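The structure under discussion appears below in the form of structure tokens.
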Amino acid sequence: MNLKSFVNQVIYFCIGLLIIFFQILPLQTTPQTWSGPNVLLVFFAAIVTKRPEFTSSFLIASIFLIEDFFLMRPPGLMSSLTVLGFFFLKRKFQNQEVNSFLFGWGIVATYLTLILLGYYFISILLFIPSAGFRLSLIEIIVTLALYPIFSVLIGSLDKFESADTEKIIQR
């Protein structure tokens, strides 16, 4: 692992901690009838698809394990499902140079849906208290709708970084 990869992983870890911090803020104390997106899952899905060389299984497992602890979920269930899903997603996008946006979104939607539904059904089978199926479906839909935004942002950072290095080389 080189220095650039290590720095990017530290930055992604800090952004992940910031996302977890905003998730646990008590902004509304009354129960909600809808579920928000899983922003951390979308953020790391965009990173795995756009910049797979800067992600590791240890980074993903550690940040999602920390999220499990802070959100008082069963430790390791969501993080293990996420590591498995992102491992296969990373293998899918690792060696491909050009992907159409709809193809990428479809594959990411499939894996995110499998992760979130897998978490729901495993928690039901193990008698772990969880949100209803309707709330889980709303979370999946809103999460999938948020993915293109993060994908464009992470992709634009990649273009910004390559343009920045070209300017440095020209000097």
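The values are calculated or read from the model by the stated rules, or taken from the named source; none is laboratory data. All of these numbers come straight from a predicted model, not from anything done at the bench. When we count neighbours, we look across all protein chains shown, and the Cβ atoms used for this are built from the backbone with ideal geometry, even at glycine. What goes into the accessible areas is simple: the full protein's heavy atoms, side chains included, and nothing from ligands, DNA or RNA. Shrake-Rupley method; radii C 1.70, N 1.55, O 1.52, S 1.80 Å.
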Every pair of residues 6+ apart whose Cβ atoms lie under 9 Å, when the first sits in the range 1-27 and is over 12 Å from Leu59 (Cα atoms) while the second is open to solvent by 70 Å² or more (accessible area, probe 1.4 Å): Ile20/Phe70; Phe21/Phe70; Gln23/Phe70; Ile24/Phe70
Residue set Ala61, Ala45; condition modelled with pLDDT of 90 or more and buried (at least 17 other Cβ atoms within 10 Å of the Cβ); output residue Ala45
Within the range 69-80, residues under 30 Å from Lys4 (Cβ atoms) and surrounded by 17 or more Cβ atoms within 10 Å (Cβ to Cβ) come out as Met78, Ser79, Ser80
Just the residues that are among the aliphatic types (A, V, I, L, M) and open to solvent by 70 Å² or more (accessible area, probe 1.4 Å), please, taken from the range 8-24. Ile11, Leu18, Ile24
Among the residues of the range 95-109, the number that are surrounded by 14 or more Cβ atoms within 10 Å (Cβ to Cβ) and of a type in the set (Ser, Thr, Tyr) is 0
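With respect to Arg134, determine if the residue is modelled with pLDDT of 85 or more, open to solvent by 50 Å² or more (accessible area, probe 1.4 Å) and out of contact with any Gly (no Cβ under 7 Å at 6 or more places or on another chain). First the steps, then the outcome.
Values: modelled with pLDDT of 85 or more: yes; open to solvent by 50 Å² or more (accessible area, probe 1.4 Å): yes; out of contact with any Gly (no Cβ under 7 Å at 6 or more places or on another chain): yes.
When the stated conditions are applied, Arg134 passes them.
Working only within the range 49-58, note down all residues that are over 18 Å from Val7 (Cβ atoms) and surrounded by 18 or more Cβ atoms within 10 Å (Cβ to Cβ). Spell out how you get there, then give the answer.
Looking only at the range 49-58, we keep the residues that are over 18 Å from Val7 (Cβ atoms), and these are 49, 57.
Hit for the range 49-58 is Thr49, nothing else.
Look at Ile140 and say whether it is surrounded by 16 or more Cβ atoms within 10 Å (Cβ to Cβ), in a helix (DSSP H, G or I), free of Cβ contacts under 8 Å to residues at least 40 places away in the same chain and within 14 Å of the chain's Cα centre (by Cα). Give the derivation first.
On the way: surrounded by 16 or more Cβ atoms within 10 Å (Cβ to Cβ): yes; in a helix (DSSP H, G or I): yes; free of Cβ contacts under 8 Å to residues at least 40 places away in the same chain: yes; within 14 Å of the chain's Cα centre (by Cα): yes.
The answer is yes for Ile140.
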